[in-house]
Amino acid sequence: MWAWCGEPGITLQDGYGQSEMLPVCIKTKGNRKLDSIGVAIHGVEIKNADDGEILARCCGTATGYHQTPEKSTETFETDGWVHAGDRGRIDEDGFVYPNGRVKEIFKIRINGSDQRLYLVASKEKNDGYQASL
């Protein structure tokens, strides 16, 4: 995709973040590596937890979830680090490479009913995740 878009002069920028904080990483023309989501933007710190989960900290971070202290404690550390829920690695140049989820189950609401969505990495193809209810 990057090669194709670069030919006609289209500039693509990839971003990585979550609703709990401002954008965390960005990949721009001239500052990218294959399979990476980019490097931390100015003012953002990124590191790995012991289990490989991506953690980020910046001034634009939420302080917790409304009226759900248990979930807040799981996601937000007291020193400002936020658990992204993604596993990944960070190379020597600071480029981040997500490679899975910490939990492969998401709760979603369909027609007023809570359902669990299971994400399963495809081992036969390198095409990301498959979802099933």
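Summary of values
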| quantity | calculated |
| --- | --- |
| Subset of region 20-68 [part of a strand (DSSP E or B) and of a type outside the set (A, V, I, L, M, F, W, C)] | P23, K27, T28, N31, G38, E45, K47, N48, E53, R57 |
| Close pairs from region 17-38: first touching a residue at least 40 places away in the same chain (Cβ under 8 Å), partner assigned to a strand (DSSP E or B) and among the acidic types (D, E), Cβ under 7 Å, at least 6 apart | I37/D14; G38/D14 |
| Region 13-32, subset under 10 Å from V96 (Cβ atoms) and at pLDDT 85 or above, residue surrounded by the most Cβ atoms within 10 Å (Cβ to Cβ) | V24 |
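Listed here are the residues, each with its yes/no results for (1) over 18 Å from the mean Cα position of the chain (by Cα); (2) of a type in the set (V, I, T); (3) farther than 23 Å from D35 by Cα.
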| position | (1), (2), (3) |
| --- | --- |
| G64 | no, no, yes |
| T68 | yes, yes, yes |
| T75 | no, yes, yes |
| T78 | yes, yes, yes |
| W81 | no, no, yes |
| R87 | no, no, no |
| I90 | no, yes, no |
| V96 | no, yes, no |
| N99 | no, no, no |
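The values are calculated or read from the model by the stated rules, or taken from the named source; none is laboratory data. All of these numbers come straight from a predicted model, not from anything done at the bench. FYI the Cβ positions are ideal-geometry reconstructions off the backbone, even for glycines, and counts take in every protein chain you see.
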